[in-house]
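Notes to accompany the following structure.
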Amino acid sequence: MTRLVAGNWKMNGSLAANRKLLGELAVQSGVEVAVCVPFPYLAQLQERPAGLFLGAQDVSEFEVGAYTGEVSAAMLAEFGCRFVIVGHSERRALFGEDDLLVGRKARAAMARGIVPIVCVGETLAERDAGQAMLVIGRQLAAVLEVLGREAMAAVVLAYEPVWAIGSGRSATVSQVSVVHAGIRGWLREQRVRAEGVRILYGGSVKPENAAELFAVRDVDGGLIGGASLVGEDFMAICRAAADAV
Ligand code: PEP
């Protein structure tokens, strides 16, 4: 399956900085590349390197109406978003998003033809307590409950251990390998068509560790935070994904 590398710009950027960064991005064969940008920059990103997919970082669970501050999936679709991140750990931890809300956001996106990148992952305390897969299973189960099996097979999943995000401390190859196989196995157990589900790894991916992470079985790409803001680094990570066998 073709790997996907998605950049998560988070709340970074400016019109000038984005212009410079976009000038440094070029799509390569053998990998799908997306940038998930803050809402106001979706307009600026209407002009972007050919083949670069556009994404957002959140979406409302609601369709339309009196929901001040929300952005609907229909709006994202109008701006050509192919992807939207849902359930990022920053949204879960800082904005109180729970497992079922993440599922409803994924459903709202899919209703408008946008592929949700559903983030799951454990905190360090949960890992230390030996509960990583338990937590991830709970997060996935809520999304499955909302979407059903068929739609669940069409999402992109991102395993993002909370302790690895923005910390400079990536999960090890063996930790990633265990969890990604665990996620695929969990999907199979739930009788979701697991083979076509792309499972991205996210958490301190850098040009230096990208190749070894993408070489792990069941790692189908990456969700890249900090390094996606540096054109040269993001391109090196995309190249590593294209070259991984
Ligand atoms: C992220 O925010 O999704 C992420 C993976 O961040 P970083 O690459 O900076 O750890």
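Comparing 197, 178, 205 in a Gaussian network model of the chain (Cα springs below 10 Å), the most mobile by mean-square fluctuation is 178.
In this structure, residue 50 and residue 129 have a Cβ-Cβ separation that, at R0 = 35 Å, corresponds to a calculated FRET efficiency of about 0.15. When the trypsin sites (Lys or Arg not before Pro) in segment 85-182 are filtered for DSSP coil states and for at most 14 other beta-carbon atoms within 10 Å of their beta-carbon, the remaining sites are 169. Highest GNM mean-square fluctuation among 75, 133, 11, for the chain modelled with Cα contacts below 10 Å: 11. Computed over segment 157-218, the quotient of the alpha carbon radius of gyration and 2.2 N^0.38 Å is 1.13.
For the chain, modelled as a GNM whose springs connect Cα atoms under 10 angstrom apart, the maximal fluctuation among 32, 189, 160 occurs at 189. Rounded to the nearest 20, the size of the Cβ-charge dipole of the chain about its Cα centre is 280 debye, with Lys and Arg at +1 and Asp and Glu at -1. Between the amide H of residue 85 and those of 56, 57, 58, 117, distances stay under 5 Å, these residues lying 5 or more places away or on another chain, with hydrogens modeled in the peptide plane.
Computed from phi, the 3J(HN,Hα) profile of segment 105-110 under the Karplus parametrisation 6.51, -1.76, 1.60 (θ = phi - 60°) reads 5, 4, 5, 4, 5, 5 Hz, with x in place of Gly and Pro. Partner aspartates and glutamates whose Cα lies under 13 Å from the Cα of residue 10, excluding those fewer than 8 positions away in the same chain, are identified as 58, 90. Neighbour counts of C-beta atoms inside 10 Å place 213, 140 in the sequence 140, 213, starting with the fewest. Residues whose amide H lies under 5 Å from that of residue 167, counting only those 5 or more places away or on a different chain, are 204; hydrogens are built 1.01 Å from N in the peptide plane.
No lab work stands behind these numbers, since they all come straight from the coordinates. The structure displayed is predicted, hence computed values, not measured ones. FYI the Cβ positions are ideal-geometry reconstructions off the backbone, even for glycines, and counts take in every protein chain you see.
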